[in-house]
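Report on the structure given below.
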């Protein structure tokens with residue numbers, strides 16, 4: 001099946017620094033990738049939709065200058081949390097959408113394992 | 001904003017019993033998907049049901065979709081301790097690429 005990886009799986013950084021999280025589709029090309037944030041015991045909240053070669057579309061309330069998204073290739077999207085603060089501590093999950101007609105639907109999303117960010 | 005509302009928010013049953021979780025949504029959808037998430041881990045895709053389908057089975061899972069009521073249910077039969085996890089529904093919105101997740105149900109299977 002389609003595999004999505006994230007790196008790092010866990011990161012601790014100091015307040016005020018920036019952190020970059022990578023999301024890769026390993027065995028398929030993903031024209032669209034999605035970034036979600038999940039706080040403890042809560043659901044996934046979509047932050048932004050990233051299309052290869054174009055600017056990301058951010059959901060309402062998500063600061064685009066704070067959460068920089070780059071989708072430079074069909075297999076890689078990055079999320080950079082700039083000037084991180086403790087309230088940015090969360091579980092960040094990416095997903096990649098394939099349009100290859102896999103079983104179960106044309107527009108199935110495959111999720112990465114997530115990145116746990118802790119800002120101290 | 002979250003579209004899906006799930007109930008119950010938490011469910012605790014004995015191993016071997018069936019578990020039913022419900023999901024309601026607000027707008028027109030292309031499909032509805034169910035995911036499982038073990039604590040602190042990523043999502044596992046369980047099943048996708050299209051808007052023109054009413055019921056779908058996969059192993060011990062049975063999903064129904066009622067578009068007139070804008071609701072879906074996930075039934076897990078003969079539950080096992082390993083089924084302990086959070087379960088989320090997610091709707092593929094018509095005219096949009098994104099999935100919108102429900103609040104989730106935390107399922108605990110007691111041995």
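Is there any pair linking a residue in the stretch B:76-96 that is closer than 16 Å to residue B:46 by Cα to one that is assigned to a helix (DSSP H, G or I), with Cβ under 6 Å and at least six apart or on different chains, and which?
B:76/B:83
For residues that are in a loop (DSSP other than H, G, I, E, B) and surrounded by 14 or more Cβ atoms within 10 Å (Cβ to Cβ), scanning just the stretch B:42-59, find the one that is modelled with the highest pLDDT.
Across the stretch B:42-59, the extreme among qualifying residues is B:53.
State all residues of the stretch A:15-38 that are out of contact with any helix residue (DSSP H, G or I) (no Cβ under 9 Å at 6 or more places or on another chain) and in a loop (DSSP other than H, G, I, E, B); if no residue qualifies, say none.
Of everything in the stretch A:15-38, those that are out of contact with any helix residue (DSSP H, G or I) (no Cβ under 9 Å at 6 or more places or on another chain) and in a loop (DSSP other than H, G, I, E, B) turn out to be A:16, A:17, A:18, A:26, A:27, A:28, A:29, A:30, A:31.
Output yes when any residue across the stretch A:106-115 is in contact with a strand residue (DSSP E or B) (Cβ under 9 Å, 6 or more places away or on another chain) and over 25 Å from residue B:86 (Cα atoms), and no when none is.
No, there is no match, as no residue in the stretch A:106-115 is in contact with a strand residue (DSSP E or B) (Cβ under 9 Å, 6 or more places away or on another chain) and over 25 Å from residue B:86 (Cα atoms).
Per-residue answers, yes or no, for (1) in a strand (DSSP E or B); (2) away from chain A (no Cβ under 14 Å); (3) surrounded by 14 or more Cβ atoms within 10 Å (Cβ to Cβ):
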{"residue": "B:39", "(1), (2), (3)": "no, no, no"}
{"residue": "B:64", "(1), (2), (3)": "yes, yes, yes"}
{"residue": "B:74", "(1), (2), (3)": "yes, yes, yes"}
{"residue": "B:79", "(1), (2), (3)": "no, yes, yes"}
{"residue": "B:109", "(1), (2), (3)": "yes, yes, yes"}
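Testing residue A:9 on (1) at pLDDT 95 or above; (2) within 14 Å of chain B (Cβ to nearest Cβ); (3) surrounded by 19 or more Cβ atoms within 10 Å (Cβ to Cβ), one condition comes back false. Which one is that?
Looking at each condition in turn, residue A:9 falls short on (3).
When the residues of the stretch A:39-52 are narrowed to those that are buried (at least 16 other Cβ atoms within 10 Å of the Cβ) and in a loop (DSSP other than H, G, I, E, B), which ends up farthest from the other protein chains (Cβ to nearest Cβ)?
Per the criteria, the residue is A:52.
Looking at (1) modelled with pLDDT under 95; (2) in a strand (DSSP E or B), which is the one condition that is false for residue B:97?
For residue B:97, the failing item is (2).
I need the full set of residues from the stretch B:52-72 which are in contact (Cβ under 8 Å) with a residue 12 or more places away in the chain and within 22 Å of residue A:111 (Cβ to Cβ), in order please.
Of everything in the stretch B:52-72, those that are in contact (Cβ under 8 Å) with a residue 12 or more places away in the chain and within 22 Å of residue A:111 (Cβ to Cβ) turn out to be B:58, B:60, B:61, B:63, B:65, B:72.
Limited to the stretch A:16-38, what total is found for residues that are without any contact (Cβ under 8 Å) to a residue 60 or more places away in the chain, within 12 Å of chain B (Cβ to nearest Cβ) and more than 11 Å from the chain's Cα centre (by Cα)?
Selection size over the stretch A:16-38: 0.
So how many residues does the stretch A:4-36 have that are over 13 Å from residue A:71 (Cβ atoms) and out of contact with any strand residue (DSSP E or B) (no Cβ under 7 Å at 6 or more places or on another chain)?
5
The conditions are (1) more than 11 Å from the chain's Cα centre (by Cα); (2) more than 11 Å from chain A (Cβ to nearest Cβ); (3) surrounded by fewer than 17 Cβ atoms within 10 Å (Cβ to Cβ), and residue B:10 fails exactly one of them. Which is it?
(2)
The values are calculated or read from the model by the stated rules, or taken from the named source; none is laboratory data. All of these numbers come straight from a predicted model, not from anything done at the bench. Methodologically, a virtual Cβ is constructed for each residue, glycine included, from the backbone with ideal geometry; neighbour enumeration extends over all protein chains shown.
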